[in-house]
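Computed from the coordinates by the stated procedures, all read-outs in this text should not be read as laboratory data. Note that the structure is a prediction, hence the values are computed from the model and not measured. All Cβ positions, even for glycine, are placed from backbone atoms using ideal geometry, and neighbour counts span all protein chains on display.
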Amino acid sequence: MDPQVLREMASSRIGAESKRIGLVVTDVEGCLNLDERTYDHEALSWIRLANELARADNVVPFVTVCSGRQHAFVEAITRLMAGKLPAIFENGCGLFFPTRGLYDEYKWHPSLSLPGVASEYAVVRRVVEDICARAGARRVIGKEVLLSFHPAPPMTAEELQGIVVEGLARRGVRASVTNSASAVDIGPSGIDKGAGLKWLIEETSEEFGLDFRNVAGVGDSKGDLAFLRLVGFPAAPANATPEVKAMVAYRSPMADGLGVVDIIRACVELNLRKEGE
């Protein structure tokens, strides 16, 4: 969508209560990048404009991210996008609040402070590190809670996930285990991208009045299913896995960042429609 067209659409006012899609939550890897080293700056610039134009009473939804990446990376992407709503990092382990002041912009998931969680997860860490060392997997550095490992070629992330799940079960240890296209993520039991989205909605419900029905989700891989199953409008770019494409309501004909832009455009058009159309 041409930026000028988006600006013109942003002038269309609607009641906040009738806005079908108030928020778009998108994964980062496989959605906003073109490859492992290159992010789609054109798409990020367009999304930045969308966030600058978005209001509770116009047709443009807010946009934020739900990622397994570490807090500093998620903050950088959110700042580039001019995000106003919290962003999910480390697969739901934490939230970044872009409008809060310094030292108050990060929160860890409340369940992480429950009695016994830290000690239970310490056992998980030791077991997983042993399993992945034996498999030759490489740890992703910079994450404070989430454990992420890249498999050693020719092993795939899905194969490594199977090894981790089997190893945890054999030792009677519980954890949340998911995989993306290139990594396996292991978090505390009960915390995943779905739990992160639930927490985001709780944190913003009073100010923005959002619920799952008027949230769109964008994902490309199996690890995104946990939050895509919760939203009212699940969508995927053209490069998404068959498993993701099979369950979403909208499949963009475009890949990566352009696919996300196209999905936001589809959300704007949904907001322009009258009820019952």
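Brief remarks follow.
- All aspartates and glutamates inside 12 Å of LYS19 as judged from Cα atoms, apart from same-chain residues fewer than 8 positions distant: ASP57, ASP211, GLU269, GLU275
- Label-to-label distance, nm, for residues given as SER12 and ALA72 (7 Å Cα→Cβ offset): 4.2
- About the Cα centre, charge dipole magnitude for the stretch 112-187 (Lys/Arg +1, Asp/Glu -1 at Cβ), debye: 180
- Residue-count net charge about VAL218 - beta-carbon cut-off 14 Å; Lys, Arg +1, Asp, Glu -1: -2
- Unsatisfied cross-links (Cα-Cα over 25 Å) in the set LYS143/LYS193; LYS198/LYS222; LYS143/LYS245; LYS198/LYS245; LYS84/LYS245; LYS107/LYS143: LYS143/LYS245; LYS84/LYS245
- Annotation: average projected area of the stretch 112-187 is 4.8 square nanometres, based on the convex hull of Cα atoms across all directions.
- Dipole check for the stretch 135-277: with +1 at the C-beta of Lys and Arg, -1 at the C-beta of Asp and Glu, and the Cα centre as origin, the magnitude is about 460 Debye.
- Paramagnetic reach from ALA118 in the stretch 89-105 [backbone N under 18 Å; point 7 Å along Cα→Cβ]: 93-94
- Counting only the Cα atoms, the chain fills a convex hull of 129 Å³ per residue.
- Think of the chain as a dipole: +1 on every Lys or Arg Cβ, -1 on every Asp or Glu Cβ, centred on the Cα centre; then among ALA255, ALA43, ILE186, ILE186 lies furthest on the positive end.
- Residue-averaged 222 nm ellipticity for the chain, from DSSP H runs of 4+ at -39500 (n - 2.57), nearest 500: -11500 deg cm²/dmol
- Shape category assigned to the stretch 47-126 from the gyration tensor of Cα positions, a/c cut at 1.5: prolate
- The stretch 183-209 versus the stretch 95-110: alpha-carbon centroid distance in Å: 14
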